[in-house]
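A.B. asks: Got a structure here, written out as structure tokens. Questions coming.
The values are calculated or read from the model by the stated rules, or taken from the named source; none is laboratory data. It should be emphasised that the depicted structure is a prediction, and the values quoted were computed from it without experimental measurement. Every residue, glycine as well, gets a Cβ built from its backbone with ideal geometry; the counts of neighbours run over all protein chains shown.
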Amino acid sequence: MRNVFRLFALAMAMMAAVTVKAVWEGGRWVLRSVRDSLRPPVGANAGLEDAFDGIAAKAESATAAVSVVAAEPGAAAKAMLAPIPLDPILARGCIAERFAHDMLTIDQEPTTEGLDEAASAWLNSLNASELLKLDQHGAHRIGSHMAGLRLIDGLPLTPTLTEYRSALCAAAQVTPEQRANVREHEETLRRVIDELLEEDPMRYAPAM
């Protein structure tokens with residue numbers, strides 16, 4: 001490698017040494033390349049080799065300073081296999097759809113894990129008719145309703161976390177009418193579940 005840099009430096013020095021002079025020839029002035037200047041003066045060869053060696057050493061040092069980081073085996077494959085997170089609207093819709101299905105079929109214990117307390121309370125507040133309507137739509141459609149983008153007719157709005165906490169403060173005192181509404185909701189839900197069990201006990205009965 002050092003020899004290559006020396007040859008390169010020598011070639012550059014030769015190119016720089018070539019000059020063009022005007023020479024009287026044949027009764028007119030002509031331009032001639034004069035290479036006699038390539039001949040170093042007496043005693044000049046003493047430091048020429050050292051100068052070439054210095055140039056080559058600096059070039060090698062600069063080349064060695066550039067470090068190449070080797071990629072870990074399988075790093076690209078790991079990046080390609082990384083799981084892609086679900087769209088937030090779709091993710092919330094999937095949880096709500098599964099909750100409504102489990103509430104109506106009693107196949108599994110209904111859960112709202114993965115939702116904030118506002119969305120969880122909203123799901124638990126739905127009556128049987130609203131759960132049926134929710135179960136008739138796809139996850140993305142349900143998630144869009146919960147986000148307030150595309151509302152489903154017949155379903156109440158899903159409160160934001162701020163709206164829900166504000167409502168909790170307002171609901172610290174329960175009126176007789178509110179208590180009656182809660183009792184009616186529980187009775188309606190219980191009646192719908194009993195009717196489903198009577199229609200198809202093998203489908204809606206919990207697994208033994």
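A.B. asks: State all residues of region 112-127 that are part of a helix (DSSP H, G or I) and out of contact with any Lys or Arg (no Cβ under 7 Å at 6 or more places or on another chain); if no residue qualifies, say none.
C.D. replies: The answer is Glu117, Ala118, Ser120, Ala121, Trp122, Leu123, Asn124, Ser125.
A.B. asks: Just a yes or no: is a residue in region 104-114 of a type in the set (A, V, I, L, M, F, W, C) and at pLDDT below 90?
C.D. replies: Within region 104-114 (the criterion being of a type in the set (A, V, I, L, M, F, W, C) and at pLDDT below 90), the answer is yes, since at least one residue qualifies.
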